[in-house]
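See structure below.
The values are calculated or read from the model by the stated rules, or taken from the named source; none is laboratory data. As the structure is a computational prediction, the values presented were derived from the model and not from experiment. Cβ coordinates were reconstructed from backbone atoms using ideal geometry, including for glycine residues, and neighbour counts include every protein chain displayed.
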């Protein structure tokens, strides 16, 4: 399999007053193209710090991070921003949609930064919104959409640049149970199409949708195992639809 991510002895230290906080301590892991991975851990485990490094929002204090063949460990901010736009599609708990823009305009934004023509931006954005079942909501603004629809817009925006990985941070945190199942079913569909998904969560029932679960504690990898009990999202969705 093609390797997308290789982290070798990653560490991240912060200065808080006179103390040094060791958020990550010598983490090494590899993720291959097409994997569906959940990163779990309690508050203070280092999962948010690791997510920020994997998402090129931060750099490690030491160690190396190879993303799709490129060493991004010591890149400066401008270079990191370019990598983020090309290689990573983000899905956040709070959706992070621009309120004055329509669903279509929100999805087109990453393509503006990528320098794509308006014709290509429209074509790609319409396609991914159709793929996430929002063909009839393209001109609606976020306040005209339900929570689940807003998260689907966020997923479409993450997909529009054909990124190497989809990085989802607590993507169901602001959704009710039924809508959460709908969104996790969507992630399963996206994974089946060959996309690499990294899901950061503290919820066991959400993590069980992934095929591999990495658990952090006190800044180190506590376990890294294949998920033997993957949730069948389509069956669960059908059951809830019939209730």
Of the residues that make up region 229-239, is at least one touching a helix residue (DSSP H, G or I) at 6+ places or on another chain (Cβ under 9 Å), at pLDDT 90 or above and buried (at least 18 other Cβ atoms within 10 Å of the Cβ)?
no
Sole miss for residue 211 among (1) touching a strand residue (DSSP E or B) at 6+ places or on another chain (Cβ under 6 Å); (2) surrounded by fewer than 23 Cβ atoms within 10 Å (Cβ to Cβ); (3) at positive phi is condition (3)
Residue set 129, 122; condition closer than 27 Å to residue 201 by Cα, part of a helix (DSSP H, G or I) and more than 17 Å from the chain's Cα centre (by Cα); output residue 129
Condition first: within 30 Å of residue 153 (Cα to Cα) and surrounded by fewer than 17 Cβ atoms within 10 Å (Cβ to Cβ). Can you find one or more residues in region 19-32 that meet it? yes
Of the candidates 188, 164, the one satisfying the condition of being closer than 23 Å to residue 229 by Cβ, touching a strand residue (DSSP E or B) at 6+ places or on another chain (Cβ under 9 Å) and touching a residue at least 12 places away in the same chain (Cβ under 8 Å) is 188
The one condition residue 54 fails out of (1) within 28 Å of residue 228 (Cβ to Cβ); (2) buried (at least 19 other Cβ atoms within 10 Å of the Cβ); (3) in contact with a helix residue (DSSP H, G or I) (Cβ under 9 Å, 6 or more places away or on another chain) is (3)
Just wondering, is there one or more residues in region 19-27 that are outside any strand (DSSP E or B) and in contact (Cβ under 8 Å) with a residue 12 or more places away in the chain? no
Turns out the helices (runs of 4 or more DSSP H) fully within region 144-207 with at least 1 residues that are out of contact with any helix residue (DSSP H, G or I) (no Cβ under 9 Å at 6 or more places or on another chain) are 177-192, 204-207
Residue 77 vs (1) at pLDDT below 90; (2) buried (at least 16 other Cβ atoms within 10 Å of the Cβ); (3) more than 28 Å from residue 202 (Cβ to Cβ): all pass except (2)
**Request:** Check whether at least one residue in region 102-116 is part of a helix (DSSP H, G or I) and more than 20 Å from residue 151 (Cα to Cα), and report yes or no.
**Result:** yes
- Task: Could you please let me know if residue 206 is in contact (Cβ under 8 Å) with a residue 40 or more places away in the chain and either closer than 20 Å to residue 55 by Cβ or under 16 Å from the mean Cα position of the chain (by Cα) (or both)?
- Result: yes
Taking region 32-50 and the residues there that are in a loop (DSSP other than H, G, I, E, B) and closer than 13 Å to residue 201 by Cβ, the one that is nearest to the chain's Cα centre (by Cα) would be 41
